[in-house]
Amino acid sequence: MERTAGILADRAIKALFAEGQLKSEAPLDGDQIQPASLDLRLGSKALRVRASFMPGRSSTVASKLDRLTLHEIDLEHGAVLETGCVYIVPLMESLDLPAELSASTNPKSSTGRLDIFTRVMVDHAQEFDKIPAGYSGPLYLEISPRTFPVIVRRGSRLSQIRFRVGNALLSEADLVELHAAETLVASETPNVSGGGIALSIDLKGTGPEGLIGYRGKHHTSVIDVDRKAQHEVLDFWEPIYSRGRNELILDPDEFYILVSREAVHVPPSYAAEMTPYDPLVGEFRVHYAGFFDPGFGHAAAGGSGSRAVLEVRSHEVPFILEHGQIVGRLVYEHMLERPQGLYGTGLGSNYQAQGLKLSKHFKL
């Protein structure tokens, strides 16, 4: 039976361009369309602003920028964005959505793993990363590097957009049924609550010393977001080992890369998203919400054993994480149709079959 509500797959995203509902200043990159999302590209300038802002119902982003811009930075040949600063970048893509089509955005996986805080906003918006059905106009990306200064340029891709018709979220009963058929997380006793299926933290680690994660260093050199395998891990990260304790104290204002205990599976006709904050699990947050494309962790797409890598920050106080503690939840949505391509080795996906893994920018 043909679905009437769900996430648009790759073929439908291509059709949006053909129909003029999705536009761009330049031809698309060959790998810009993912199975259930589109990578968004930075335009030619970044505007340094004093503080983050919301345009609000009565304003466009451009009208607010006229008042709030401190200076303009040319991105044509690359520029450094400093930590602790807020930048607004007009994106190369813009929208002219039909009345039934809405969208949402998230940082790309690599963006989150570099602790680059990003969110998309549109004219007259009252929420970040939510694009109302029927929106017509430009897209803007707010960027604030938190741990490392970064080099970006016109065409850099830090965020993704996903399009949907209606509400296709699976209910808790649907999740239980789908897990029984497809094993969404590798757990004999899945915790389905709060509208999603729980993930817990692995603090036993790997190797003789039990590597459990990494903590970002301060005052490092810059990272070029468009260069793969260019940077030495130890120049930017402090490895963290369990040493048999099976726990970790999260310090405030520190950034951690950790990994889920469970392998994650997103079947081909579904998409998933990690909720960015759950007040029920403790005084910390899994810092960036993340898309999981159809095929992530799918055995036929080379994804057996794929874990969820978690970008974690504590809140105002130190917090002790223990092995097996719930740290977040995955929500699943129906696709309108099965994608032509699945996330995995066939598309050259960077994080299929991953365990604890830093972003693609670091040498193995």
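The values are calculated or read from the model by the stated rules, or taken from the named source; none is laboratory data. Model, not experiment: these values are computed from the prediction. Here the Cβ positions follow ideal geometry from the backbone for every residue, glycine too, while neighbour counts run over all protein chains shown. The area values use the complete protein model at the heavy-atom level, side chains included, leaving out ligands, DNA and RNA. Shrake-Rupley method; radii C 1.70, N 1.55, O 1.52, S 1.80 Å.
Tell me, what % of the accessible area of segment 4-163 is carbon and sulfur with a 1.4 angstrom probe?
The computed percentage sits at 46.
Report, ordered by chain and residue number, the aspartates and glutamates lying within cross-link reach of K14, taken as a straight Cα distance under 20 Å and ignoring same-chain residues fewer than 8 apart.
Here the aspartates and glutamates satisfying the reach criterion relative to K14 are E2, E25, D29, D31, D39, E93, D96, E100, D293, E337.
Among the listed pairs K23/K360; K108/K357; K204/K360; K204/K357, which have their C-alpha atoms separated by more than 18 angstrom in this model?
K23/K360; K204/K360
Once the mean 1/r over all distinct Cα pairs of segment 170-332 is inverted, what Kirkwood radius in angstroms do you read off? Mind showing how you got there, number by number?
Numbers: mean 1/r = 0.0595 Å⁻¹.
Result for segment 170-332 stands at 16.8 Å.
Rolling a 1.4 angstrom probe over the protein chains, ignoring ligands and nucleic acids, what is the accessible area of D235 in square angstrom, nearest 10?
90 Å²
Do any GluC sites (Glu not before Pro) in segment 108-175 lie in a DSSP loop with no more than 12 other beta carbon atoms within 10 Å, and if so, which?
On the way: sites: E127, E142, E172; in loops: E127.
In loop regions of segment 108-175 (DSSP not H, G, I, E or B), the sparsely surrounded GluC sites (Glu not before Pro) are E127.
Would you report the distance distribution of C-alpha pairs in segment 4-163 as whole percents per 10 angstrom bin, up to the bin with the largest distance?
Percent of Cα pairs in each bin: 11, 42, 36, 11, 0.
State in Å² the accessible area per residue of segment 142-246; use a 1.4 Å probe, count heavy atoms of protein chains only, and round to the nearest integer.
The answer is 48 Å² per residue.
Could you check which residue among G244, G328, G137 shows the biggest mean-square fluctuation in a GNM of the chain with a 10 Å Cα cutoff?
Greatest mean-square fluctuation among the candidates belongs to G244.
Using just the helices of the chain, give the 222 nm mean residue ellipticity in deg cm²/dmol: DSSP H runs with n ≥ 4 each add -39,500 (n - 2.57), and the total is spread over all residues, rounded to 500.
Mean residue ellipticity, 222 nm, calculated: -2500 deg cm²/dmol.
Show me the trypsin sites (Lys or Arg not before Pro) within segment 194-240 that DSSP assigns to loop and that have at most 12 other Cβ atoms within 10 Å of their Cβ.
Qualifying residues, ordered by number: R227.
Taking the alpha-carbon set of segment 105-168, what are its Rg and Dmax in Å?
Rg, Dmax (Cα atoms, Å): 13.0, 39.
Report, to two decimal places, the Cα Rg of the chain normalised by 2.2 N^0.38 Å (N = number of residues).
Computed over Cα atoms of the chain, the ratio equals 0.96.
For segment 40-134, state which trypsin sites (Lys or Arg not before Pro) are in a DSSP loop and have at most 16 other beta carbons lying within 10 Å of their beta carbon.
R50, R57
Ignoring ligands, DNA and RNA, what accessible area per residue does segment 295-340 give at 1.4 Å, in Å²? Could the numbers behind the result be given before it?
On the way: 1800 Å² over 46 residues.
Heavy-atom accessible area per residue stands at 39 Å².
Quick one: Cα centre-to-centre distance for segment 116-134 and segment 62-86, in angstrom?
Each part reduced to its Cα centre gives a spacing of 18 Å.
Give the shape of segment 126-247 as rounded, prolate or oblate, defined through the alpha-carbon gyration tensor: a ≥ b ≥ c are the square roots of its eigenvalues, a/c under 1.5 means rounded, and otherwise the shape is prolate if a/b is larger than b/c and oblate if not.
oblate
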